[in-house]
Structures are given as C-alpha cells and as structure tokens.
Amino acid sequence: MEYDYYPGCTLKNKASHLDICARKAAEKLGAAMTEIPEWQCCGGVYPMAGNETAQKLPAVRALNEAKSRGRDLLCVCSACYHVLKSVNYDMANNATVITKANTYLENDPWYKGETRVLHYLEMLRDDIGFEKVKKCVEKPLTGKKIASYYGCLLLRPSKIMKFDNPENPSVMESLIKALGGEPVIDPFRNECCGGYVSAEDTELTEKKVRDIVESVKAHGGEMIVTACPLCMYNLKKYGDLPVKYFTELICEAFGIEVLEDD
Amino acid sequence: MTENEEKKLCAEALIISGVKPEKCMKCGKCSGACPSYDEMEYHPHQFVDMVSKGQIKKLMESASIYKCLSCFVCVERCPRNVMPANIIEAVRALQERPQGTDRLTPDEVKNILDDDTPQQLLMAAFRKYSR
C-alpha cells in the first residue's frame, strides 16, 4: 500500500513523535508513506467564512498534488485532516470555491475534490485491518486502561468528515484492543478540550480539560490517547493524567524503540 | 451604526455563513449542546435568531463571539442543518475584518508561548483572532 503523506507543521516540530511513530509503525505494517513535496501549512483551522478562498489554497495545492500522483492523501494530525477534508468537500460541492481556487492556481485540469483524504486511523481500520495490526504486536499493552480522546476535529461535522460515528466512535477503542490494552469509554471523549481558545482564555480551557480528565478517572482510565497536538497540549497543561499520541502507543506495542529526543 | 447599516451587515453575515435562518425551528439543541453555553451572553440559537431579525450590533460587541470553540457540536446536532457555528464565525469575521481590529497581533505572541506551545495553536489563533 502506498500513500501520499501530508505531515503538517506541528508534526515537524512540537509533535515530532506523532510523525516519527506513524512512519515507523507504517513500515512494520507494510504501508509506504511518501511525503508530498512543497506542502504548505493547512492553517490549523478550517476557514468557515464562505468568502475566505485564499486561506483554502494550501489545502487545494496538496490535494491536487496527490491527485496528480493518483494516490490517497494520508494525514496523522487531526487538524490537518479536518482542514484538508473540509476543503476537499468544498472543492467537490461548492461551485464558487471550485472556480475561484482553480482559476487562481491555474490548475489544468481543474481540481474537483477527486483525492481521497484519509486519516491514519482510517488506514488502519479500512485498508490494513486491525487483525494485521494485532499480528505486529510484540509487547501487548496488557492490563493498561486507556481512554481514547477524539475531541472535535476528527468527528465533526460528520456529514463532511465521515470518520466514525460522531456520538459513539469506536476506531481508537478497536486499536487499543488490537494492541492488547483495555479501552476505557468515557462520555467526554468527543467533547471539546477548548482548542485554540487556550491562546487567550486559559480559564475556559482549564474548565473543559478538567471535565474530560475527571471523567476519564471516574471511568477507571489511567492514560489518555489522542491524535491532535493541540488536544495533547491542553490536556497535558491543565490535566494530571499521562497523555500519549496514538502512534506512540502503537510503537510501544510493536516493540519499536523511539528515543525521547527523536 | 444606523439601522440600515446593521441590516446590511446582517445580510452579509447570512451570505458569508451560508446560513438560512428560516430553516431553524427553535428547538434549542445547538445551545443545549454548546460546551461554552455558560460562558456566553448570547447563545448559538440567539445568534441565528438575532441576525435574522437585523440585530447584529449587540452580537459583534459581545464577548460571546470569542467563546465559540468551533467544535461543530451545534452543527452536528442541528436537526435542520442550520449551522449556527457558521453564523457565529461570520459575525466574528465582520467584527475583525476592518483595519485595526485584530484581537491578536504578532507582538503579542510571546505572551502565549511556552516550551510546549504547538505550531497548530499559533496558526489557529491567528486565523481566528485576526483577519
């Protein structure tokens, strides 16, 4: 299996483990991830205002690049996935955005949302399969009570994301099971952690994180896994449970060593 | 702001957001699900209602526009596909677009930086707090 890969800014910097572990685990699973050339930052959040077309161009460039190579575009970061997939929806359905973006970028032929954007977790579930994941496990996470934290970006709006059941997701729990751990299901796993608001309103973020972490504890969770660098930051800053990226968890169970300063 | 100017801004907000307020049946699910409900002076359903009635000034001046987390719960749970988050974003965009109204400037970034601040937070904050 071969994928075009869009890592995103944070995975090249503060969330380097999310990236490195994804690549190492993919190698073991037999999936080739080729980083697309000259990708640009997705912008971190989807530009929701209808007349903000310029802000969508970096995503369109990446999507068109993957199309020209005939490959699916793989994301590991929740935010990149959300932005690329939302812009891709516009490029398939919104005539104004389609015309403006293609005209400005001088695309020939026009890009019309042909690329399949998929998240690493979808790759595991839909393309590779958790049975194969299970076979790669060398150090099962036996007895570890792990809570999945989905947050917002992977799930909503489900009409566009089509990632999992937005109210009762299961892909991360299936992964934890395949890795030999014990998934803990708590009702705050699809609640917002406060997101970008932590840049100015730390009180609100703290409140949101406290609700999430207390709920995990009340349901017996000892650790939280996430796919989002901003969720990771907020949960670690305002919570008191260990938080890991889901790709770190995979490497741990696969017996792949990743150094702290990798 | 004259009544006419306010009406014009409301019309613009509806265009920018793509929201059709007449679809709203006022069930309140959006506000019921909103994680920032307690922090807001005006709630998601009120944004939809007030913009449709030509009252956008109060919304633009309220801190409520900065309490929306863009978590899309209101969009997800709306049974009529009204997309309240999109109208909140449009009101916010109209507030931030005129020159000199940026809520976050590059000079202020050092105040939010610590050793772990992800690039994602800075990018998102700039997109949300300045236009």
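The values are calculated or read from the model by the stated rules, or taken from the named source; none is laboratory data. Computed from a predicted model, the values in this text were never measured in an experiment. All Cβ positions, glycine included, derive from the backbone under ideal geometry; neighbour counts span all protein chains shown.
Candidates A:Glu65, A:Glu35: the one that is among the acidic types (Asp, Glu) and either within 20 Å of B:Leu121 (Cα to Cα) or under 18 Å from the mean Cα position of the chain (by Cα) (or both) is A:Glu35.
Having 3 or more residues that are within 11 Å of chain B (Cβ to nearest Cβ) and not charged (D, E, K, R) is the bar; report the helices (runs of 4 or more DSSP H) wholly within the range A:138-250 that clear it. Before you say what the answer is, go through the steps one by one.
Details: elements: A:158-161, A:171-178, A:202-218, A:229-238.
Fully inside the range A:138-250 and qualifying: A:158-161, A:202-218, A:229-238.
Could you look through the range A:18-40, keep only residues that are in a loop (DSSP other than H, G, I, E, B) and surrounded by 17 or more Cβ atoms within 10 Å (Cβ to Cβ), and pick out the one that is nearest to the other protein chains (Cβ to nearest Cβ)? Step through it out loud before you land on a result.
Here is the first cut: in the range A:18-40, the ones in a loop (DSSP other than H, G, I, E, B) are A:30-31, A:36-40.
Checking which are surrounded by 17 or more Cβ atoms within 10 Å (Cβ to Cβ) leaves us with A:31, A:36, A:39.
Working: A:Ala31: 24, A:Ile36: 18, A:Trp39: 14 Å.
It comes out as A:Trp39.
Considering (1) among the acidic types (Asp, Glu); (2) within 12 Å of another protein chain (Cβ to nearest Cβ); (3) surrounded by fewer than 24 Cβ atoms within 10 Å (Cβ to Cβ), the lone condition that B:Glu61 does not fulfil carries the number (2).
Between B:Lys67, B:Lys128, the distinction of being within 11 Å of the chain's Cα centre (by Cα), at the interface with chain A (Cβ under 8 Å from one of its Cβ atoms) and surrounded by fewer than 24 Cβ atoms within 10 Å (Cβ to Cβ) belongs to B:Lys67 only. Which residues, counting only those in the range B:101-125, are more than 8 Å from chain A (Cβ to nearest Cβ), assigned to a helix (DSSP H, G or I) and either more than 13 Å from A:Ala199 (Cβ to Cβ) or free of Cβ contacts under 8 Å to residues at least 12 places away in the same chain (or both)? Matches in the range B:101-125: B:Pro106, B:Asp107, B:Glu108, B:Lys110, B:Asn111.
Quick check: is even one residue across the range B:50-57 surrounded by 14 or more Cβ atoms within 10 Å (Cβ to Cβ) and within 13 Å of chain A (Cβ to nearest Cβ)? There is no residue in the range B:50-57 that is surrounded by 14 or more Cβ atoms within 10 Å (Cβ to Cβ) and within 13 Å of chain A (Cβ to nearest Cβ). Kindly provide the set of residues from the range B:70-100 that are part of a helix (DSSP H, G or I), among the polar types (S, T, N, Q) and within 18 Å of A:His82 (Cβ to Cβ), ordered by number. Scanning the range B:70-100 gives a single hit, B:Asn86.
Answer with yes or no whether A:Ala15 is over 24 Å from A:Gly129 (Cβ atoms) and either within 13 Å of chain B (Cβ to nearest Cβ) or buried (at least 24 other Cβ atoms within 10 Å of the Cβ) (or both). Let's see the steps before the verdict.
Working: over 24 Å from A:Gly129 (Cβ atoms): yes; either within 13 Å of chain B (Cβ to nearest Cβ) or buried (at least 24 other Cβ atoms within 10 Å of the Cβ) (or both): yes.
Criteria met by A:Ala15.
Check A:Pro166 against each of (1) surrounded by fewer than 16 Cβ atoms within 10 Å (Cβ to Cβ); (2) in contact with a Ser or Thr (Cβ under 6 Å, 6 or more places away or on another chain); (3) not basic (Lys, Arg) and name the one condition it does not meet. The number of the failed condition is (1).
Residue-level check: of (1) at pLDDT below 95; (2) in the same structural domain as B:Lys8 (by TED's automatic domain parsing), B:Val75 misses just (1).
Name the residues in the range A:153-194 that are acidic (Asp, Glu) and either over 16 Å from the mean Cα position of the chain (by Cα) or within 17 Å of A:Val216 (Cβ to Cβ) (or both), would you? Scanning the range A:153-194 gives A:Glu167, A:Glu173, A:Glu182, A:Asp186, A:Glu191.
Could you say whether any residue in the range A:70-90 is farther than 19 Å from B:Arg127 by Cβ, small (Gly, Ala, Ser), away from every other protein chain (no Cβ under 14 Å) and in contact (Cβ under 8 Å) with a residue 24 or more places away in the chain? It would help to see each step written out before you state the result.
Looking only at the range A:70-90, we keep the residues that are farther than 19 Å from B:Arg127 by Cβ, and these are A:70-74, A:76.
Within this subset, residues satisfying the condition of being small (Gly, Ala, Ser) are A:70.
Checking which are away from every other protein chain (no Cβ under 14 Å) leaves us with A:70.
With the extra rule that they be in contact (Cβ under 8 Å) with a residue 24 or more places away in the chain, the set shrinks to none.
No.
Would you please name the residue that is farthest from A:Tyr245 (Cα to Cα), looking only at residues in the range A:83-129 that are in a helix (DSSP H, G or I) and aromatic (Phe, Trp, Tyr)? Per the stated criteria, the residue is A:Tyr104.
Scanning the range B:1-32 for residues that are under 21 Å from B:Leu69 (Cβ atoms), surrounded by fewer than 17 Cβ atoms within 10 Å (Cβ to Cβ) and under 16 Å from the mean Cα position of the chain (by Cα) yields one hit, B:Gly18. Screening A:Arg71, A:Arg116 for residues that are touching a strand residue (DSSP E or B) at 6+ places or on another chain (Cβ under 8 Å) and crowded, with 17+ Cβ neighbours inside 10 Å leaves exactly one candidate, A:Arg71.
Yes/no per residue for (1) farther than 30 Å from B:Asp114 by Cα; (2) within 14 Å of chain B (Cβ to nearest Cβ); (3) not polar (S, T, N, Q):
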{"position": "A:Cys9", "(1), (2), (3)": "no, yes, yes"}
{"position": "A:Gly43", "(1), (2), (3)": "no, yes, yes"}
{"position": "A:Glu52", "(1), (2), (3)": "yes, yes, yes"}
{"position": "A:Thr96", "(1), (2), (3)": "yes, yes, no"}
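Within the range A:211-236, the set of residues being farther than 14 Å from A:Asn190 by Cα and more than 20 Å from the chain's Cα centre (by Cα) comprises A:Glu214, A:Lys217, A:Ala218, A:His219, A:Gly220, A:Gly221, A:Glu222. Scan the range B:14-40 for residues that are part of a loop (DSSP other than H, G, I, E, B), away from every other protein chain (no Cβ under 14 Å) and either out of contact with any helix residue (DSSP H, G or I) (no Cβ under 6 Å at 6 or more places or on another chain) or within 28 Å of B:Asn4 (Cβ to Cβ) (or both) and jot them down. Once the filter is applied, which keeps residues that are part of a loop (DSSP other than H, G, I, E, B), away from every other protein chain (no Cβ under 14 Å) and either out of contact with any helix residue (DSSP H, G or I) (no Cβ under 6 Å at 6 or more places or on another chain) or within 28 Å of B:Asn4 (Cβ to Cβ) (or both), the range B:14-40 yields B:Cys24, B:Met25, B:Lys26, B:Cys27.
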